[in-house]
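For reference, the structure discussed in these notes is given below.
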Amino acid sequence: MGILDIFHKQETAQPVPAAPQTGLAEKVLNSITEGVLIVDGKNIIQMINPAAVLMTGCGAAENAVSLDIGTILKFENSQGMKIEDASNLILAALNKNEALSIREYILVTAQGQKKPVAVTVTPMGGLGGESIVTVRDITKEREEEGAQMEFISTASHEMRTPVASIEGYLGLALNPQTATIDDRARKYLEEAHASSKHLGKLFQDLLDTTKLDDGKLKVHMTPVEVSTLVRSIVEGQVPAIAAKGLQYSFGSPDSRNGINIEQLSYASVDVDFLREVVNNLLENAIKYTPAGGAIWVNVRGDGDRVLINVTDSGIGISPEDLKHIFQKFYRVDNSQTREIGGTGLGLYLVKQRVEAMGGTVWAESSFGDGSTFYISLPRLTAEEYERRKQIQANQEAMGGAVVRAVGSAPSPAGTQGRSAEPTPPTMAPAPVAPVASAAPPVVPPNNVAK
Ligand code: ADP
């Protein structure tokens, strides 16, 4: 039985008990404020409820029934650009008979009015079968989210300044060159200093979150050699890794000669975003790995993607928590994490920034057995990388939009001897260059090295 049969059944079905139920379904569809459309396997509208008629501005159900859903549901993206059929995720889901839930589209009515909507697609059978499409007006939700963002942004901005001052003065009080304190006071001040730092980080994270959420933070994409950049970022954290008593290695362990190898791979990234993302993942790896453990970072080309992994042998994450860790303010609550400070915003920021660069991020882990965080970015061939570098150089020479180059990014201690610019590549995929590792290679934990 198709979905539509439920509506027609009313006329033919025996009155009790089927009829009251089918009638009820129709009443519900006619009275709810959510737009509902039923399409057949060819995306032709079979049924449209009054809310969807109102929302699309098509005038009456008869004007929509028997038409392709693409002619009734027209969308723009948040930048006001028309969503063409070829890139329409709703049509793609219908064509592939897949479920979908999105909140990024703006519905354009027949009269040209625009409203942000949440759309779901639910297939009701196999390929070629009917699907239900729901459309919900989220104008009010968007306004509320905007007001919330504005408040968080203003509040965190205002509070960050006094907290920075408290942190600075506590730092001065703890510095033997600027103040004299007894041992008991030192203990209290150290606690206060650590807490003010935590508070400062929380406000900064909140501010960063709202900036990207409301589109204020601009993305500056620059062609880079990813391995060199990531290695320079990681080396900035080597002192913190050593201070925690952890081993560290970079590159692919090469069993033949006992050294790690680094593969050159190219991508367009926002250097500041990538720096922030890798630092965040590393800080977590350090935080959630007990002394004696190990951290391994690698960058490799994987078909048309560049894959970065930050792997640790730490406390790991249960499957239940793993589903939620990229959500805003989500913190794992167990006896091990309770002692460790955090805001629950770090991975949310990581996801936001990776996606802003056109990449994806995910984690693989099992509780008690380490974690691997992966970042996948669209890969450039060596030729495309050179071409984009040339365009960038020309723009800079003409005094046009100045974009940051990797070489100009601050280089942490220990990397100065090595140029941030890769050797000009001659072919794609990029050559593999052996590089001696700073530390003995660490074999990634079994459960995560997939
Ligand atoms: P937090 O500030 O709490 O570290 P994040 O958003 O960075 O916030 O991380 C969310 C949660 O994911 C953390 O509370 C922690 O429980 C878990 N987590 C993140 N990274 C790791 C890791 N490398 N190992 C184990 N757990 C991790």
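Values quoted throughout were computed directly from the atomic coordinates according to the rules given, and no laboratory measurement underlies them. Because the structure is a prediction, the values reported are computed rather than measured. All Cβ positions, glycine included, derive from the backbone under ideal geometry; neighbour counts span all protein chains shown.
Structure notes:
- Comparing Cα centroids, the stretch 130-152 and the stretch 258-297 end up 35 angstrom apart.
- For the stretch 81-197, the equivalent ellipsoid built from the Cα gyration tensor has semi-axes of 56, 19, 11 Å, listed from largest to smallest.
- Anchor K211: lysines whose Cα lies under 16 Å away (excluding residues fewer than 8 positions away in-chain): K201, K328, K351
- Percentage relative contact order, the stretch 272-380, counting C-alpha pairs under 8 Å, at least six apart: 34
- Label-point gap, in nm, between V65 and I44 - each point 7 angstrom along Cα→Cβ: 1.3
- Straight Cα distances below 20 angstrom link K323 to the aspartates and glutamates D312, D333, E355, E364, D369, with same-chain residues fewer than 8 positions distant left out.
- Sequence of D369, D333 once ranked by neighbouring C-beta atoms within 10 Å, starting from the fewest: D333, D369
- Full extension of the chain between L54 and Y330 yields a length gain of 95.5 nm, computed as 0.36 nm times the residue separation minus the alpha carbon distance.
- Normalised per residue, the volume of the convex hull around the Cα set of the stretch 128-229 (Å³): 261
- From least to most packed, judged by other beta carbons within 10 angstrom and beginning with the fewest, T289, T122 follow the order T122, T289.
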